[in-house]
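Worksheet for the structure shown next.
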Amino acid sequence: MRNINQIFFLIILLLGLQACSKSDANSSLEELESLEYAELLEVSYGEDPEQTFDIYLPAYRTEDTKVMILVHGGGWTSGDKTDMNLIKDLIQTDLPDLAIVNINYRLANPDHLPFPMQIDDITAVVNHLQDNQSTYVISNAIGFLGTSAGAQLSLLWSYAHDTDNLVKMVASIVGPTNFTDPAYLESNNPLALALIASFGIDTSTAFLEYVSPYHRATTTSPPTILFNGGSDPLVPTSQGVDMDAKLTELGITHSFTLYPNEAHGWDGEELIDTWTSIKAFTQVHLD
């Protein structure tokens, strides 16, 4: 099964893109005043060592510069922000006016369940960006691009926890959306069962609805773009199909692409289409 890193590496090869040049990783906040390109790595937003992010600030930015937040996958228990570096490179090349925040969050284990811990971490990141808006010279308008479990977190935060209406768009690549879906609850697939088990002992309908973007979407949810594979062993086709129908019912601007023969990742024409669609959607709603 191809992973997200391989997918976006192939995009870069196919499109012949070049990653943007980087400044010294030891840049300090004082240097941001020049408004030249800057990147700050391993910025802490909490006391836990896993609570860090990398921020990439474009040259000539202003207080209208929008921010794309990247959220990695890994089944809520693994993964790292470096998994999203190739997506970061794509954004820097094709959407150079955006600031990018590539986040780590606390990984779940039997003693530390993913919810609400990981949603709290996203809130802490957003609060940090707002508190330091004038220092970074960025807008308070944000977008999310998440993969797999990171896509679920991105959708859930955008739909249910964005109390200030900061999110202007959210992109989900192979993200689960509805944990009350019979395709999960009645499944004998050990991968699907392990996915549900990641949330811990509380598998009541009320709890599963509470952590499901499908059940938390409202008429004020931000524009959303979704991608799913029709042969995905982790995220059933119904997750994307039902989310598409729900967003249509709510009147939410959105786009849904299902690649019928693909699994939890894809390459070739499908992957070129994925990035082309995300780029165009972002240019309309965030860039």
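Filtering Thr62, Thr93 for residues that are part of a loop (DSSP other than H, G, I, E, B), at pLDDT 90 or above and farther than 20 Å from Ser148 by Cβ leaves a single hit, Thr62. Glu270 meets each of the listed conditions (1) part of a loop (DSSP other than H, G, I, E, B); (2) modelled with pLDDT under 95; (3) over 25 Å from Asn189 (Cα atoms) apart from (1).
On inspection, Thr147 qualifies as hydroxyl-bearing (Ser, Thr, Tyr), touching a residue at least 12 places away in the same chain (Cβ under 8 Å) and under 22 Å from Met243 (Cβ atoms). Please go through segment 66-119 and give me each residue that is under 22 Å from Tyr210 (Cβ atoms), of a type in the set (S, T, N, Q) and surrounded by fewer than 16 Cβ atoms within 10 Å (Cβ to Cβ), ordered by number. Correct list: Thr77, Asn109.
Here Leu250 meets the list (1) touching a residue at least 24 places away in the same chain (Cβ under 8 Å); (2) of a type in the set (A, V, I, L, M); (3) surrounded by 14 or more Cβ atoms within 10 Å (Cβ to Cβ) almost entirely, failing just condition (3). Residue check: Leu234 meets all listed conditions (1) of a type in the set (A, V, I, L, M, F, W, C); (2) in a loop (DSSP other than H, G, I, E, B); (3) at pLDDT 95 or above but one, namely (3). Considering segment 253-287, the residues that are touching a strand residue (DSSP E or B) at 6+ places or on another chain (Cβ under 9 Å) and β-branched (Val, Ile, Thr) include one that is most open to solvent (accessible area, probe 1.4 Å), namely Val284. Do we find that Phe179 is crowded, with 22+ Cβ neighbours inside 10 Å, assigned to a loop (DSSP other than H, G, I, E, B) and at pLDDT below 95 in this structure? When the stated conditions are applied, Phe179 passes them. Restricting Ser158, Ser172 to those that are at pLDDT 95 or above, under 11 Å from the mean Cα position of the chain (by Cα) and part of a helix (DSSP H, G or I) reduces the list to Ser158.
In segment 208-231, the qualifying residues are those that are in a helix (DSSP H, G or I) and more than 17 Å from Phe256 (Cβ to Cβ), and the one that is modelled with the lowest pLDDT is Leu208.
The values are calculated or read from the model by the stated rules, or taken from the named source; none is laboratory data. Predicted model, so just to flag it, every value in this text is computed and none were measured. When we count neighbours, we look across all protein chains shown, and the Cβ atoms used for this are built from the backbone with ideal geometry, even at glycine. Heads up: the accessible areas ignore ligands, DNA and RNA and are worked out on the full protein's heavy atoms, side chains in. Shrake-Rupley method; radii C 1.70, N 1.55, O 1.52, S 1.80 Å.
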